[in-house]
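Got a structure here, written out as structure tokens. Questions coming.
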Amino acid sequence: MIYSPSAWRYLFLFVVVLPFAVAAREDAWQPREDNAAWRVECSGCHIAFPPALLPADDWLDIMSRLDKHYGVDASLEPKLSREIAAYLERNGARSRMFGSREEIPRITTADWFAGKHQGAIRLWRKGKVKSLVDCAACHKGPDIEKMIGK
Ligand code: HEC
Ligand code: HEC
């Protein structure tokens with residue numbers, strides 16, 4: 001069966017074409033620019049979320065009230081905070097599609113996130129995943145490293 005021409009065509013699709021398709025899609029989340037301060041200061045409590053996953057103005061909103069950061073104080077000295085805000089603004093999403101309607105913007109409450117994470121949200125509702133914010137629970141190894149541009 002595997003030797004029939006059409007079976008080979010499918011095999012080609014899965015083995016040769018699809019990995020490229022997946023790699024190309026992951027690349028889209030990689031920041032074009034790196035920033036050491038962002039990587040250090042924003043990865044202490046969760047991963048340093050990829051800048052492309054929120055619009056620039058949402059990042060500025062988050063950065064302008066780090067003292068009231070989702071219930072914790074994540075304040076930084078003004079110089080560091082300005083540097084990181086500028087970096088996130090330069091590399092933030094240009095599309096409002098990435099926006100969310102929360103009072104403090106979130107990646108995990110944006111419509112695109114829900115669309116991509118239907119299975120994940122089901123697991124979370126059943127209590128099988130502690131928090132959707134823990135991206136690394138599901139995006140492991142090279143996947144998450146690519147996403148955050150390591
Ligand atoms: C002191 C710990 C701490 C530091 C440092 C910190 N955060 Fe957070 N962050 C949190 C907590 C707690 C939450 C809420 C997690 C939850 O809802 O499960 C959060 C949530 C977020 C979210 C929303 C995640 C979602 O639900 O989509 C974003 C975006 C975010 N942080 C960005 C940043 C940025 C940018 C920095 C660096 C300037 C930073 N954080 C530094 C503790 C921190
Ligand atoms: C419970 C598991 C789970 C958690 C937690 C989770 N994800 Fe995902 N994520 C997935 C799965 C599964 C997919 C693939 C869905 C698909 O391909 O349609 C996905 C897809 C994505 C995509 C789209 C990839 C693409 O190329 O289309 C991005 C970006 C993403 N996740 C980012 C995140 C971020 C950022 C977090 C944390 C704030 C997160 N995910 C938390 C399971 C998870």
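The values are calculated or read from the model by the stated rules, or taken from the named source; none is laboratory data. All values derive from a computational prediction rather than experimental measurement. Don't worry about glycine lacking a Cβ; one is built from the backbone with ideal geometry, like all the others, and counts go over all protein chains shown.
Do you know which residues across region 41-78 are in a helix (DSSP H, G or I) and in contact with a helix residue (DSSP H, G or I) (Cβ under 9 Å, 6 or more places away or on another chain)? First the steps, then the outcome.
Going through region 41-78, the residues in a helix (DSSP H, G or I) turn out to be 41, 51-53, 56-63, 66-68, 78.
Passing the criteria: 41, 51, 52, 53, 56, 57, 58, 59, 60, 62, 63, 66.
Just checking, does region 89-99 include any residue being of a type in the set (Phe, Trp, Tyr), assigned to a helix (DSSP H, G or I) and in contact with a Pro (Cβ under 6 Å, 6 or more places away or on another chain)? Can you show your working first?
Within region 89-99, the first condition is being of a type in the set (Phe, Trp, Tyr), and the residues that meet it are 98.
So of that shortlist, the ones also assigned to a helix (DSSP H, G or I) come out as 98.
With the extra rule that they be in contact with a Pro (Cβ under 6 Å, 6 or more places away or on another chain), the set shrinks to 98.
Checked region 89-99: at least one residue is of a type in the set (Phe, Trp, Tyr), assigned to a helix (DSSP H, G or I) and in contact with a Pro (Cβ under 6 Å, 6 or more places away or on another chain).
Out of the residues in region 52-65 meeting the condition of being out of contact with any strand residue (DSSP E or B) (no Cβ under 8 Å at 6 or more places or on another chain) and surrounded by 17 or more Cβ atoms within 10 Å (Cβ to Cβ), tell me which one is farthest from residue 102 (Cα to Cα). Working first, answer last.
Restricting attention to region 52-65, the residues satisfying the condition of being out of contact with any strand residue (DSSP E or B) (no Cβ under 8 Å at 6 or more places or on another chain) are 57-61, 63-65.
Within this subset, residues satisfying the condition of being surrounded by 17 or more Cβ atoms within 10 Å (Cβ to Cβ) are 58-59, 63.
On the way: 58: 10, 59: 13, 63: 15 Å.
Across region 52-65, the extreme among qualifying residues is 63.
Of the conditions (1) within 13 Å of ligand 1 (Cβ to nearest atom); (2) over 11 Å from residue 58 (Cβ atoms), residue 115 clears all except one; give me its number.
Single failed check for residue 115: (1).
Would you check if there is a residue in region 125-133 being outside any loop (DSSP other than H, G, I, E, B), near ligand 2 (Cβ under 7 Å from one of its atoms) and either at pLDDT below 90 or over 19 Å from residue 92 (Cβ atoms) (or both)?
Taking region 125-133 as the starting set, the residues that turn out to be outside any loop (DSSP other than H, G, I, E, B) are 125.
Imposing the further condition that a residue be near ligand 2 (Cβ under 7 Å from one of its atoms) reduces the set to none.
Checked against the condition, which is being outside any loop (DSSP other than H, G, I, E, B), near ligand 2 (Cβ under 7 Å from one of its atoms) and either at pLDDT below 90 or over 19 Å from residue 92 (Cβ atoms) (or both), region 125-133 yields no hits at all.
Looking at region 123-143, which of its residues are within 21 Å of residue 98 (Cα to Cα) and away from ligand 1 (no atom under 12 Å from the Cβ)?
Of everything in region 123-143, those that are within 21 Å of residue 98 (Cα to Cα) and away from ligand 1 (no atom under 12 Å from the Cβ) turn out to be 136, 138, 139, 143.
Here's the yes/no breakdown for (1) touching a residue at least 12 places away in the same chain (Cβ under 8 Å); (2) out of contact with any Phe, Trp or Tyr (no Cβ under 6 Å at 6 or more places or on another chain):
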position	(1), (2)
49	yes, yes
52	yes, no
58	yes, yes
77	no, yes
109	no, yes
118	no, yes
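Under the condition of being hydroxyl-bearing (Ser, Thr, Tyr) and within 12 Å of ligand 2 (Cβ to nearest atom), which residue from region 72-118 is farthest from the chain's Cα centre (by Cα)? Walk me through it before giving the result.
The initial filter retains those residues of region 72-118 that are hydroxyl-bearing (Ser, Thr, Tyr), namely 75, 81, 87, 95, 100, 108-109.
Filter again for within 12 Å of ligand 2 (Cβ to nearest atom), leaving 100, 108-109.
On the way: 100: 14, 108: 9, 109: 12 Å.
Filtering first and then ranking leaves 100.
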